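Enquirer: Sharing a structure below in structure tokens format, with a few things to ask.
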Amino acid sequence: MDFAAAARALLLIAAASSAPWAVGRVFGNRWAWPLDFGYVLPDGKRLFGAHKTWRGLAAGIGACALIGWVLGPGWLVGCGVAALALVGDALSSSIKRRMNRAPGSEVPGLDQVPESLLPLLVLHGPLGISLGEALLLTLVFAGLDLLFTPLRHGR
């Protein structure tokens, strides 16, 4: 295993996950335009919910582009990791809406796996990791995210 490549991949996933949260803490509701444009599905629930914003998408992509540019594997791969991670996160959010979970509520596994597995599987080659390492890094990310969830929510 190339530990440097694995660490970079994990850092990119963590940045994609945490940058939207961080800008939300800094800016509150300013520029928090909903990613789903407020669209309500026939079940009466929002597609993604209020916590998924264009500002968060831009923050995640910007953070990963910078990390990818500075540490490797390049800004374009960083953008791809962020975009795929945030698509996975939005998918999780949509599933949670269908499960009648409130925006911001946690569902262990569902909140971590799609946002880490999707970019790691799709971009494992450019990230310099194998498919097996992508699966292992997904588990590592999930464990770390579950460990730090109480800190994010102020518990």
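The values are calculated or read from the model by the stated rules, or taken from the named source; none is laboratory data. What you are looking at is a predicted structure, and each value in this text was computed from that prediction instead of being measured. For neighbour counting, all protein chains shown are included, and Cβ atoms are generated from backbone atoms with ideal geometry for every residue, glycine included.
Enquirer: Just a yes or no: is a residue in the stretch 96-110 over 25 Å from K45 (Cβ atoms) and touching a helix residue (DSSP H, G or I) at 6+ places or on another chain (Cβ under 8 Å)?
Expert: Within the stretch 96-110, the subset over 25 Å from K45 (Cβ atoms) is none.
Within the stretch 96-110, none of the residues are over 25 Å from K45 (Cβ atoms) and touching a helix residue (DSSP H, G or I) at 6+ places or on another chain (Cβ under 8 Å).
Enquirer: Something else: Check off (1) surrounded by fewer than 16 Cβ atoms within 10 Å (Cβ to Cβ); (2) more than 16 Å from W21 (Cα to Cα); (3) of a type in the set (A, V, I, L, M, F, W, C) for V113 and give me the number that stays unchecked.
Expert: Unmet condition: (1).
Enquirer: Now a separate question. Quick one: how many residues across the stretch 38-65 are at pLDDT 90 or above and surrounded by fewer than 15 Cβ atoms within 10 Å (Cβ to Cβ)?
Expert: The total comes to 2.
Enquirer: List, please: which pairs have Cβ atoms under 7 Å, are six or more places apart or on different chains, and start with a residue in the stretch 108-135 that is more than 12 Å from A5 (Cα to Cα) and in contact (Cβ under 8 Å) with a residue 40 or more places away in the chain and end with one that is of a type in the set (S, T, Y) and outside any loop (DSSP other than H, G, I, E, B)?
Expert: Final answer for the pair search is E115/S17; E115/S92; S116/T138.
Enquirer: Considering each residue of the stretch 119-139, count those that are surrounded by 13 or more Cβ atoms within 10 Å (Cβ to Cβ) and over 16 Å from G88 (Cβ atoms), and give that number.
Expert: Taking the stretch 119-139 first, the residues surrounded by 13 or more Cβ atoms within 10 Å (Cβ to Cβ) are 119-124, 126-130, 133-139.
The next check asks that each one be over 16 Å from G88 (Cβ atoms); those that pass are 126, 128-130, 133, 136.
Adding up the residues that qualify gives 6.
Enquirer: Also, quick follow-up: Pick from R101, R97: which is of a type in the set (D, E, K, R) and either in a helix (DSSP H, G or I) or under 19 Å from A7 (Cβ atoms) (or both)? Please lay out each step first, then the result.
Expert: Working: R101 fails: either in a helix (DSSP H, G or I) or under 19 Å from A7 (Cβ atoms) (or both).
Result: R97 is the single residue among R101, R97 that is of a type in the set (D, E, K, R) and either in a helix (DSSP H, G or I) or under 19 Å from A7 (Cβ atoms) (or both).
Enquirer: Continuing with the same structure: Filtering the stretch 68-82 down to residues that are surrounded by fewer than 22 Cβ atoms within 10 Å (Cβ to Cβ) and either touching a helix residue (DSSP H, G or I) at 6+ places or on another chain (Cβ under 6 Å) or modelled with pLDDT under 95 (or both), which residue is nearest to L127 (Cα to Cα)?
Expert: Of everything passing the filter in the stretch 68-82, P73 is nearest to L127 (Cα to Cα).
Enquirer: While we're on this one: Hey, among the residues in the stretch 88-110 that are within 17 Å of L57 (Cβ to Cβ) and buried (at least 16 other Cβ atoms within 10 Å of the Cβ), which one's nearest to the chain's Cα centre (by Cα)?
Expert: Here the residue is D89.
Enquirer: Is it the case that the stretch 45-53 has a residue that's farther than 17 Å from E115 by Cβ and assigned to a helix (DSSP H, G or I)?
Expert: no
Enquirer: Another question, then. Tell me, yes or no, whether the stretch 118-136 has at least one residue that is at pLDDT below 95, farther than 27 Å from D43 by Cβ, of a type in the set (G, A, S) and over 14 Å from the mean Cα position of the chain (by Cα). Working first, answer last.
Expert: Pass one, the stretch 118-136, residues at pLDDT below 95: none.
No, the stretch 118-136 contains no residue that is at pLDDT below 95, farther than 27 Å from D43 by Cβ, of a type in the set (G, A, S) and over 14 Å from the mean Cα position of the chain (by Cα).
Enquirer: For the condition under 12 Å from the mean Cα position of the chain (by Cα) and among the aliphatic types (A, V, I, L, M), what is the one hit in A16, A7, A32? Walk me through how you get there before you give the answer.
Expert: Values: A7 fails: under 12 Å from the mean Cα position of the chain (by Cα); A32 fails: under 12 Å from the mean Cα position of the chain (by Cα).
The unique qualifying residue is A16.
Enquirer: Please go through the stretch 9-65 and pick out each residue that is without any contact (Cβ under 8 Å) to a residue 40 or more places away in the chain and basic (K, R).
Expert: R25, R30, R55
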